[in-house]
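Have a look at the structure below before the remarks.
The values are calculated or read from the model by the stated rules, or taken from the named source; none is laboratory data. As the structure is a computational prediction, the values presented were derived from the model and not from experiment. Cβ coordinates were reconstructed from backbone atoms using ideal geometry, including for glycine residues, and neighbour counts include every protein chain displayed. Remember, those area values only see protein heavy atoms, side chains included, never the ligands or the DNA or RNA. Shrake-Rupley method; radii C 1.70, N 1.55, O 1.52, S 1.80 Å.
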Amino acid sequence: MIPRIISVRQPWAWAITVPQAKVRKTIENRNWSTNYRGPILIHAGLQPRRQPEIREFIEFLVEKPIPDPLPLGGIVGRANLVEVITKSKDP
């Protein structure tokens, strides 16, 4: 079976896959859909989001400091795609 992969910019990729966090990022907002459900690899894109407020929000969300530097340009973890929704209040 060919693995399914989604590219996500750091530090969002870390927030999806961070180990031992009380809370993780559980929704990835996209403007496309898929019928696929199941395991998905998380790829960290080459260009991170550099806004300090994003880092602060993610550290608040997962209650852990973000490691520095974060890995870029490779597979950083795995998640399960369980649902596709069209609207969410989640940032």
Counting only residues 5 or more apart in sequence or on a different chain, those whose built amide H sits under 5 Å from that of Leu81 are Gly38, Ile40
The rounded separation in angstrom of the Cα centers of the stretch 1-40 and the stretch 65-91 is 4 Å
Computed over the stretch 24-91, the relative contact order (Cα-Cα under 8 Å, seq sep at least six) in percent reads 52 percent
Per its Cα gyration tensor (rounded if a/c is under 1.5, else prolate when a/b beats b/c, else oblate), the stretch 44-90 is best filed as oblate
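Starting from the Cα coordinates of the chain, work out the convex hull volume and express it per residue in Å³.
Details: hull volume 10.1 nm³, N = 91.
So the per-residue Cα hull volume is 111 Å³.
Take the solvent-accessible surface of the protein heavy atoms, probe 1.4 Å, and return the percent of it on the chain that carbon and sulfur atoms account for. Could you put the intermediate results ahead of the total?
Details: 3600 of 6680 Å².
Exposed carbon and sulfur together represent 54 percent of the surface.
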In the stretch 26-91, the GluC sites (Glu not before Pro) that sit in a DSSP loop and have at most 14 other Cβ atoms within 10 Å of their own Cβ are Glu63, Glu83
For Lys22, the lysines lying under 18 Å Cα to Cα, once residues fewer than eight places off in the same chain are dropped, come out as Lys64
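How much accessible area per residue does the chain have, counting only protein heavy atoms and a probe of 1.4 Å, in square angstrom?
Working: 6680 Å² over 91 residues.
Spelled out: the 1.4 Å probe surface of the chain, per residue, equals 73 Å².
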Taking Cα atoms, the helix 52-62 axis meets the longest principal axis of the chain at an angle in degrees (rounded to 10) of 70 degrees
Between the modelled labels at Leu41 and Ile85 (7 Å from Cα along Cα→Cβ) the distance in nm is 2.9 nm
Taking 0.36 nm per residue of separation between Arg24 and Arg78 and subtracting their Cα-Cα distance, the length gained on full extension comes to 18.2 nm
